[in-house]
Amino acid sequence: MSSLKPVRGTRDILADDILRHRHVEETARAVASRYGYAEISTPIFEFTEVFARTLGDTSDIVTKEMYTFEDKGGDRITLRPEGTAGVARAFISEGLAQNLPLKFFYRGPMFRYERPQKGRLRQFHQIGVELLGVVRPLADVEVIALGAHILDALGLAGKVVCELNSLGDGESRDAYRARLVDYLKDHKDRLSADSRDRLERNPLRILDSKDETDREIVAGAPLMSDSLNDESRRFFDALLKGLETAGVPYRINPRLVRGLDYYCHTAFEFTTDALGAQGTVLAGGRYDGLIRQMGGPQTPGIGWAAGVERLAMLVEGAPKAARPLVVIPIGEEAEERAFAVTQGLRRAGFAVDLGFSGNLGKRMKRANALNARAAVILGGDEMARGAAAVRDMDSGEQAEVPLTVLEEHLGRFR
């Protein structure tokens, strides 16, 4: 039955895949904590206005990709398509402005209705960081260096490259917008319907268009770098110097842009060609106007997000599940004692599997299937002597061990 299959664009995460996901998330969390980033968890759904305000009512995410519905109370609710908006909303609603600067790390599922493809699903997972309250370019340096550090800790330093660009300050963006509109008006007849609408309302959104003809037109558009004022150039120069000091290699990409007005100065992406066509695995930028646009106080911010699925596909040699011990009772009379032994070992920190049924042969087959490191066999004779038979599943060697020293003996199998 189709109703018993996962919805298109979703999947069950099992076995080795979930270990790789956990490895990515825990590595990122551990590295972020060294930089002073505290973990935050925001709701999976928010009032739709949270995302409509932050992503813009002309963006593809808002107009085509958000999972939005009306709940039983009549409120418009949206499953979060990204993490920054929820963090910004929490900053405002929790009254955190008195605690600046703030550093947050988050992880969790996101939802977008788009065409599923390699490493991209409709329910996907992200890790991300946000640094709020610092206007200086040193904040940008730290956030990018943190992303590079996490990728390096995952063994991906040689598989990714950091691309970055300057979006300038408000004055620079206004100057660029005027030049961009003049250029796009000459190509208005070839623009997609969405982009013709955006030309009047938010021309910078056209830079993010996925329409092939739009992308051809945008490829010849003026560069943002030609509209930067002196202050914006000083900010960008300080960023580049900081990255060099931090040992983070980069490549300037003059076509890297963000189409929303609250973005400024730094835009960056870590890209790879290890997944086939070049793809982005981590992306971010400075958004000094976001929180004010949402109705909060003027608060500078910068952050990034990375797709867990894409990173997990790139990671090699992710940790395997710990090899367990197995406890095997022989006969019903041994089961109660076997359970007590199992619980004692678990409390002592061992991973232990206790089969619920089957003869010795079947239980040993299960032990092999679990890739068990050792088997603890409890039969009537062993129990009468207050002992257990311990079998090394790798060498096949077996020894009788008194129960009083069982934990100590099993220590070598951790």
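The values are calculated or read from the model by the stated rules, or taken from the named source; none is laboratory data. Keep in mind it's a predicted model, so treat the numbers as computed, not measured. Glycine also receives a Cβ, built like all others from the backbone with ideal geometry; neighbour counts cover every protein chain displayed.
In the list Ala139, Ala178, Ala148, which residue meets the criterion of being out of contact with any helix residue (DSSP H, G or I) (no Cβ under 7 Å at 6 or more places or on another chain) and outside the structural domain of Glu269 (by TED's automatic domain parsing)? Lay out the reasoning, then the answer.
Working: Ala139 fails: outside the structural domain of Glu269 (by TED's automatic domain parsing); Ala148 fails: outside the structural domain of Glu269 (by TED's automatic domain parsing).
The match here is Ala178.
If Gly119 passes every condition in (1) under 23 Å from Val315 (Cα atoms); (2) modelled with pLDDT of 95 or more but one, which one does it miss?
The number of the failed condition is (2).
Could you say which residue among Ile92, Ile13, Ile40 is without any contact (Cβ under 8 Å) to a residue 12 or more places away in the chain and in contact with a helix residue (DSSP H, G or I) (Cβ under 8 Å, 6 or more places away or on another chain)?
Values: Ile92 fails: without any contact (Cβ under 8 Å) to a residue 12 or more places away in the chain; Ile40 fails: without any contact (Cβ under 8 Å) to a residue 12 or more places away in the chain.
Just one listed residue meets the conditions, Ile13.
Would you confirm whether or not region 327-339 contains a residue that is assigned to a strand (DSSP E or B), at pLDDT below 95 and not hydrophobic (A, V, I, L, M, F, W, C)?
yes
Among the residues of region 98-132, count how many are basic (Lys, Arg) and part of a loop (DSSP other than H, G, I, E, B).
Taking region 98-132 as the starting set, the residues that turn out to be basic (Lys, Arg) are 103, 107, 112, 115, 118, 120, 122.
Cutting the leftovers down to part of a loop (DSSP other than H, G, I, E, B) gives us 112, 115, 118, 122.
Matching residues across region 98-132 total 4.
Looking for whichever is surrounded by fewer than 22 Cβ atoms within 10 Å (Cβ to Cβ), on the phi > 0 side of the Ramachandran plot and either in contact with a His (Cβ under 6 Å, 6 or more places away or on another chain) or modelled with pLDDT of 90 or more (or both) here; the options are Gly358, Gly276, Gly295. Which one fits?
Criteria check complete, one pass: Gly295.
Sort out which residues of region 248-273 are in a loop (DSSP other than H, G, I, E, B) and modelled with pLDDT of 95 or more, and write them in order of number. Give the steps one after another, and end with the answer.
Our first condition is that a residue be in a loop (DSSP other than H, G, I, E, B); within region 248-273, this holds for 248-250, 253-263, 273.
Correct list: Val248, Pro249, Tyr250.
Mind checking which residues of region 381-398 are part of a strand (DSSP E or B) and either over 47 Å from the mean Cα position of the chain (by Cα) or of a type outside the set (Gly, Ala, Ser) (or both)? Before the answer, list the steps.
Filtering region 381-398 down to residues part of a strand (DSSP E or B) leaves 387-392, 398.
Scanning region 381-398 gives Ala387, Val390, Arg391, Asp392, Gln398.
Kindly establish whether Glu200 is surrounded by 13 or more Cβ atoms within 10 Å (Cβ to Cβ) and out of contact with any strand residue (DSSP E or B) (no Cβ under 8 Å at 6 or more places or on another chain).
Numbers: surrounded by 13 or more Cβ atoms within 10 Å (Cβ to Cβ): no; out of contact with any strand residue (DSSP E or B) (no Cβ under 8 Å at 6 or more places or on another chain): yes.
No: the conditions fail for Glu200.
Residues that are in contact with a Pro (Cβ under 8 Å, 6 or more places away or on another chain) and assigned to a loop (DSSP other than H, G, I, E, B): does region 353-361 have at least one?
no
Being more than 30 Å from His125 (Cβ to Cβ), surrounded by 14 or more Cβ atoms within 10 Å (Cβ to Cβ) and small (Gly, Ala, Ser) is true for just one of Gly331, Gly344. Which residue is that?
Working: Gly331 fails: surrounded by 14 or more Cβ atoms within 10 Å (Cβ to Cβ).
From the options Gly331, Gly344, the qualifying one is Gly344.
Listed residues Ala274, Ala267; which is more than 18 Å from Asp140 (Cα to Cα), touching a residue at least 24 places away in the same chain (Cβ under 8 Å) and not charged (D, E, K, R)?
Numbers: Ala267 fails: more than 18 Å from Asp140 (Cα to Cα).
Exactly one residue qualifies, and that residue is Ala274.
Could you please find all residues in region 196-219 being within 27 Å of Val160 (Cα to Cα), among the acidic types (Asp, Glu) and in contact with a Ser or Thr (Cβ under 6 Å, 6 or more places away or on another chain)?
Asp211
Here's a check for you: in region 183-197, which residue that is closer than 24 Å to Leu55 by Cα and of a type in the set (Asp, Glu) is surrounded by the most Cβ atoms within 10 Å (Cβ to Cβ)?
Among those that are closer than 24 Å to Leu55 by Cα and of a type in the set (Asp, Glu), it is Asp194.
If I filter region 255-272 down to residues being within 19 Å of the chain's Cα centre (by Cα) and not polar (S, T, N, Q), which single residue comes out as farthest from Ile217 (Cα to Cα)? Walk me through it before giving the result.
Step one: list which residues in region 255-272 are within 19 Å of the chain's Cα centre (by Cα), which gives 267-272.
From what is left, the residues that are not polar (S, T, N, Q) are 267-270.
Values: Ala267: 21, Phe268: 22, Glu269: 22, Phe270: 25 Å.
Among them, the one singled out is Phe270.
Would you be able to say whether some residue in region 50-60 is touching a helix residue (DSSP H, G or I) at 6+ places or on another chain (Cβ under 8 Å), assigned to a strand (DSSP E or B) and modelled with pLDDT of 75 or more?
Kept after step one, since they are touching a helix residue (DSSP H, G or I) at 6+ places or on another chain (Cβ under 8 Å), are these residues of region 50-60: 50-60.
Now restrict to residues that are assigned to a strand (DSSP E or B): none.
No, region 50-60 contains no residue that is touching a helix residue (DSSP H, G or I) at 6+ places or on another chain (Cβ under 8 Å), assigned to a strand (DSSP E or B) and modelled with pLDDT of 75 or more.
If you go through region 226-237 one residue at a time, do you hit one that is out of contact with any Lys or Arg (no Cβ under 6 Å at 6 or more places or on another chain), within 24 Å of Gly307 (Cα to Cα), in a helix (DSSP H, G or I) and in the same structural domain as Lys159 (by TED's automatic domain parsing)?
no
Name the residues in region 302-315 that are in contact with a Lys or Arg (Cβ under 7 Å, 6 or more places away or on another chain) and either among the small types (Gly, Ala, Ser) or modelled with pLDDT under 95 (or both), would you?
Step one: filter region 302-315 for residues in contact with a Lys or Arg (Cβ under 7 Å, 6 or more places away or on another chain), giving 302, 312, 314-315.
Residues satisfying the conditions are Ala312, Leu314, Val315.
Considering only residues that are aliphatic (A, V, I, L, M) and either within 15 Å of Asn165 (Cα to Cα) or crowded, with 21+ Cβ neighbours inside 10 Å (or both), look in region 220-247 and name the one that is farthest from the chain's Cα centre (by Cα).
Here is the first cut: in region 220-247, the residues aliphatic (A, V, I, L, M) are 221, 223-224, 228, 238-240, 243, 246.
Add one more test, that the residue is either within 15 Å of Asn165 (Cα to Cα) or crowded, with 21+ Cβ neighbours inside 10 Å (or both), and what stays is 223-224, 228, 238-240, 243.
Values: Leu223: 31, Met224: 29, Leu228: 32, Ala238: 28, Leu239: 25, Leu240: 26, Leu243: 23 Å.
So the residue we want is Leu228.
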